[in-house]
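This report concerns only the one structure given below.
The values are calculated or read from the model by the stated rules, or taken from the named source; none is laboratory data. Given the structure is predicted, the values throughout are model-derived calculations rather than measurements. Neighbour counts are summed over all protein chains in view; Cβ atoms, including those assigned to glycine, are modelled from backbone coordinates with ideal geometry. Heads up: the accessible areas ignore ligands, DNA and RNA and are worked out on the full protein's heavy atoms, side chains in. Shrake-Rupley method; radii C 1.70, N 1.55, O 1.52, S 1.80 Å.
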Amino acid sequence: MLDFHRADLARLAARDRLRGLAPQRGRDFASNDYLGLASHPRLAAAIAEAIEGGVPVGSGGSRLLRGNHPEHEALEAEAAAFFGAEASLYFSSGYTANATLLATLPQRGDLIVHDALVHASMHEGMKLSRAQSVVAAHNDPSAFEQAIRDWRAQGGKGTVWIAVESLYSMDGDTAPLGQLYTVAEQHDAMLIVDEAHATGVFGTRGQGLATPGERVVTLHTCGKALGCEGALVAGPAIVRDYLVNRGRGFIFSTAPSPLMARGVREALRILADEPKRRTLLHDRIALAGERLGPHGALAQGTPIMPLILHDNGRTMRAAEALQERGFDIRGIRPPTVPVGSARLRLSITLNVEDADILALDKALQEVLA
């Protein structure tokens, strides 16, 4: 029994691709808690107050049954206003939200054109979708437009859905959203933007990089810069209504904890109340670019700085050596990233100080020598 699975794990080990769970240890250069909100006392106080007020830990069912709580609806109303959208909908995770979006909104006869580097959750949704999907070269608006033109020339008549991330989770670069929006306008297409890593970090209030509008649907995960859990889909009200009625990932999932919904509400308020956190983060990002860039870390003005070492074994040895020196840095290997592009993913957050970045500079000199 399970012989295939044993053999498959052995094959992964032979290619330096076997994964395992490791505890948190050392200074945080691995998390997505960019603004350090996960341990913010206001979040703890808000949830404690909600418990005291009788808000339950569990929802007790799906949102369409008894699981719909006033905290869910309050969060969705506040989030829609915060992100400048007509409506929003709260999901239990970004993975579920992305998969549900791509599986539900595009219909048979439609076309999904997606960036080559979109998250696995989008690919999961496209596998479930009845629409055709094609890949476009990373961050190349002309490739998106050409894919649409080719499809139309072949008789495609349905709606086109452009799927991208605003800030790519493994490369740390941002999408040319303005140009992609122009492509969407010219071809009467819809634009789906995964803002997972931009929410809280970019925008005048931390609302992300996308500009809301009638042809834009955005996804904002709550487990990164917001320091909580879950994800919010924001966009036209009809998108919310359609997902409530047709989105199987929403309909058949137990609703997220009402306590977590209360926590996300407080996180959005912290973003509005404490803009200095974003300023401090970007100062820290600039310092990291100055000190870690010479080691090969890609500094692009975002909190994600990949240091591509190519070889799986070398990458994991470097990660282990840095962990032994007190830095929580993880190696990223295929299939999470393309073959031959194994990397250390350096994440800059407010959980470290300037002195920690300077210490990492010295450690990289030793490890990569």
Just the Kirkwood number for segment 206-293, please: inverse of mean 1/r across all distinct Cα pairs, in Å, one decimal.
15.4
Find the accessible area per residue for segment 261-306; the probe is 1.4 Å, ligands and nucleic acids are left out, and the unit is Å².
40
Can you give the Rg/Rh ratio of segment 220-369, where Rg is from the C-alpha atoms and Rh is the Kirkwood radius?
1.07
Can you give the net charge of the other residues whose Cβ lies under 14 Å from the Cβ of ALA321, counting K and R as +1 and D and E as -1?
+2
Quick one: net charge around VAL216, please, counting Lys, Arg +1 and Asp, Glu -1 for every other residue with C-beta under 13 Å from its C-beta.
-4
Rounded to whole Å and ordered largest first, report the semi-axes of the equivalent ellipsoid of segment 134-173 derived from its Cα gyration tensor (root of 5λ).
24, 10, 6
Cut-off under 5 Å, modelled amide H: who pairs with LEU191 long-range:
ILE162, VAL216, VAL217
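Explain nothing, just the number: dipole magnitude of the chain about its Cα centre with +1 on each Lys and Arg Cβ and -1 on each Asp and Glu Cβ, in debye rounded to the nearest 20.
For this selection, approximately 840 debye.
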How long are the semi-axes of the equivalent ellipsoid of segment 290-360, defined as square roots of 5 times the Cα gyration tensor eigenvalues? Whole Å, largest first.
20, 14, 10
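Roll a 1.4 angstrom probe over the protein heavy atoms and tell me the percent of accessible area of the chain that is carbon or sulfur.
Within the chain, the accessible surface is 52 percent carbon and sulfur.
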Dipole of segment 41-270 [Lys/Arg +1, Asp/Glu -1 at C-beta], most positive-end residue of LEU180, PRO56, LEU209:
PRO56
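Count the DSSP beta bridges whose two residues both fall in segment 150-259, then state the antiparallel fraction as a percent rounded to the nearest 5. It would help to have the intermediate numbers written out before the result.
Working: 5 of 14 bridges.
Taking every DSSP beta bridge within segment 150-259, about 35 percent pair in antiparallel fashion.
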Mind jotting down a quarter of the surface of the convex hull over the alpha carbons of segment 23-103, in square nanometres, one decimal?
8.1
The convex hull of the Cα atoms of segment 112-235, divided by residue count, gives a volume in Å³ per residue of 102
Determine how many Å³ per residue the convex hull of the Cα atoms of segment 174-241 encloses.
81
Please figure out what share of the DSSP beta bridges in the chain is antiparallel and state it in percent, rounded to the nearest 5.
50
Can you give me the Kirkwood hydrodynamic radius for the chain, using every pair of distinct Cα atoms, in Å to one decimal?
21.6
GLU324 versus ALA14: modelled label distance in nm, points set 7 Å from Cα along the beta carbon direction:
2.8
